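Report on one structure; see the data block that follows.
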Amino acid sequence: MSWGFESEPEVAAELEWVEEFVRDEIEPVDLVVEHAWNPRDPVRNALIKPLQEKVKERRLWACHLGPELGGEGYGQLRLALLNEKLGRTHSGPVVFGCQAPDSGNAEILAHYGTDHLKKAYLEPLIAGDIVSSFSMTEPHGGSDPTGFRTTAVLDGDEWVINGEKWFSSHALFAEFLIVMAVTEPDAEPHRSMSMFVVPADTPGIERVRDTSVWGHEEPVGTHQYLRYTDVRIPAENILGERGEGFAVAQTRLGGGRIHHAMRTVGLVTAAFEMMKRRAVSRTSKGRRLADQQLVQAMIADTWIELTQFRLLVLQTAWRIDRYQDYRKVRADIAAVKAAMPKVLADAAGRAIQIHGSLGISKELPFGKWVLESYHMGLADGATEVHKVNLAQALLRSTQPDDGLFPPYILPTRRAESRERYAEVLAAAADDGETP
Ligand SMILES: Cc1cc2nc3c(=O)[nH]c(=O)nc-3n(C[C@H](O)[C@H](O)[C@H](O)COP(=O)(O)OP(=O)(O)OC[C@H]3O[C@@H](n4cnc5c(N)ncnc54)[C@H](O)[C@@H]3O)c2cc1C
């Protein structure tokens with residue numbers, strides 16, 4: 001039996017190097033780079049590319065991928081420990097080649113892409129030379145993908161795509177988009193869609209709006225509202241079989257959701273560390289904030305919630321490595337995804353409160369992190385949907401009881417025990433002992 005909560009010495013040493021690298025090299029870059037995903041920004045390229053080279057030399061590049069794809073085959077548990085370190089930064093995931101949505105898109109291409117698609121898109125994506133976008137949500141509703149209306153129709157040796165997509169993050173910078181579209185309108189909803197690789201410069205793709213979000217101060221919004229009008233792509237650009245779009249989507253969304261959670265552990269840890277430092281440094285009425293019981297409660301609650309969440313994330317990562325099948329850990333991933341926004345919102349909110357006016361000011365990042373928690377509650381699916389999925393999975397194998405009262409009420413169980421131990425009880429009664 002093995003059961004432990006410590007990293008092996010070589011992993012611990014690697015994580016220590018990452019911690020220092022994040023602190024000394026990535027955090028300073030974060031303060032001057034506008035958007036780490038933008039490969040057309042010369043400042044970003046001048047500062048981030050050399051760091052990416054260092055990570056490659058250190059053999060920590062694209063750790064989410066197996067060695068056959070240029071990654072280190074780290075496994076999700078080690079990746080979780082790495083992502084915890086990167087999570088407090090904006091550029092960290094890009095510097096380590098494991099950023100969303102590219103990490104998930106690379107997994108899809110690796111599983112389902114033809115040799116040509118792998119050469120044209122997967123190789124430069126993994127090398128960090130290009131970025132990509134995932135174009136699935138539609139303007140009339142994202143929570144019910146069975147209601148998507150974008151279509152792809154085969155015309156000779158080309159697919160022709162028509163429809164609208166909403167919140168296609170980073171489409172602005174992307175070299176290609178992965179698009180979900182209805183190809184089998186008469187099939188049952190979960191077999192009606194397929195997934196495609198669409199080069200971003202294909203005629204017919206229109207940027208309707210560059211939507212931006214509160215909390216991200218970008219000169220141009222990076223969550224694109226896109227219209228596809230008679231967009232023609234080669235027949236081979238389909239990923240997987242016709243009608244397999246939902247199965248293909250699961251390949252990327254499972255990993256993507258847990259990677260966000262791993263990074264969130266890093267953000268919450270950063271908020272917690274700053275809360276503690278402020279609590280022991282600031283005084284009010286001659287006492288440290290740390291000596292006020294209500295402040296102590298905030299510190300204690302944050303540590304408890306952070307540790308519970310972290311253990312859930314690590315256990316889920318461990319189960320992914322163990323089963324090598326996302327279908328077997330869907331409920332775990334739904335639980336992690338549903339827990340994540342609240343843990344972050346509560347920690348960032350308490351960090352604001354403990355820092356007072358400084359906490360809510362733009363001189364500290366907590367306000368941005370509160371908003372980030374709402375991003376987490378929507379991106380890759382709304383919290384409510386994940387809770388429903390989790391509850392359904394937990395209840396699926398539970399059998400209903402017959403009868404007015406459940407068989408586990410104490411009078412019933414006590415009567416069963418009395419019957420089972422009748423001889424012992426009778427002997428004790430004969431000896432004059434009252435049971
Ligand atoms: C920062 C960010 C980045 C994103 N990036 C991408 C991207 O790159 N590509 C992409 O395709 N999409 C992306 N999205 C979109 C995301 O997938 C959707 O926001 C999400 O699926 C919810 O869809 P919706 O926004 O249309 O909300 P709706 O579907 O309109 O739902 C609104 C609310 O209704 C409630 N609700 C809906 N359904 C149920 C239900 N079954 N049970 C209970 N309550 C329910 C929930 O409270 C939900 O929040 C991103 C979103 C955000 C916030």
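The values are calculated or read from the model by the stated rules, or taken from the named source; none is laboratory data. Since the structure is predicted, the reported quantities are computational estimates derived from the model, not experimental observations. Note that each Cβ is placed from the backbone with ideal geometry, even for glycine, and that neighbours are counted across all protein chains shown.
The rows are residues; the columns are (1) surrounded by 17 or more Cβ atoms within 10 Å (Cβ to Cβ); (2) hydroxyl-bearing (S, T, Y); (3) at positive phi.
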{"position": "S169", "(1), (2), (3)": "yes, yes, no"}
{"position": "M180", "(1), (2), (3)": "yes, no, no"}
{"position": "P189", "(1), (2), (3)": "no, no, no"}
{"position": "M195", "(1), (2), (3)": "yes, no, no"}
{"position": "D201", "(1), (2), (3)": "no, no, no"}
{"position": "G204", "(1), (2), (3)": "no, no, yes"}
{"position": "R207", "(1), (2), (3)": "no, no, no"}
{"position": "G215", "(1), (2), (3)": "no, no, yes"}
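With in contact with a Gly (Cβ under 6 Å, 6 or more places away or on another chain), within 12 Å of the ligand (Cβ to nearest atom) and not β-branched (V, I, T) as the only criterion, which of S133, S169, S212 stands out? Answer to the selection: S212.
Note down all Cβ pairs under 6 Å where the first residue falls in segment 375-387 and is modelled with pLDDT of 95 or more, the second is outside any helix (DSSP H, G or I), and they're at least six residues apart or on different chains. Listed pairs, sorted by first residue: A382/S143; T383/G377; V385/S143. Going by the structure shown, is A247 assigned to a helix (DSSP H, G or I) and either acidic (D, E) or free of Cβ contacts under 8 Å to residues at least 24 places away in the same chain (or both)? Answer is yes for this residue.
So that you can scan it fast, the table gives a plain yes or no per residue for (1) closer than 26 Å to N162 by Cα; (2) more than 16 Å from the ligand (Cβ to nearest atom):
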site: S103; (1), (2): no, no
site: A106; (1), (2): yes, no
site: H111; (1), (2): yes, yes
site: K119; (1), (2): no, yes
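P145 passes every criterion in (1) surrounded by fewer than 18 Cβ atoms within 10 Å (Cβ to Cβ); (2) touching a residue at least 40 places away in the same chain (Cβ under 8 Å); (3) over 14 Å from A174 (Cβ atoms) apart from (1). Note on segment 192-214: residues that are farther than 22 Å from N237 by Cα and either in the same structural domain as G367 (by TED's automatic domain parsing) or polar (S, T, N, Q) (or both) total 2.
Here K337 fulfils each of the conditions (1) under 16 Å from L267 (Cα atoms); (2) touching a Phe, Trp or Tyr at 6+ places or on another chain (Cβ under 8 Å) apart from (2).
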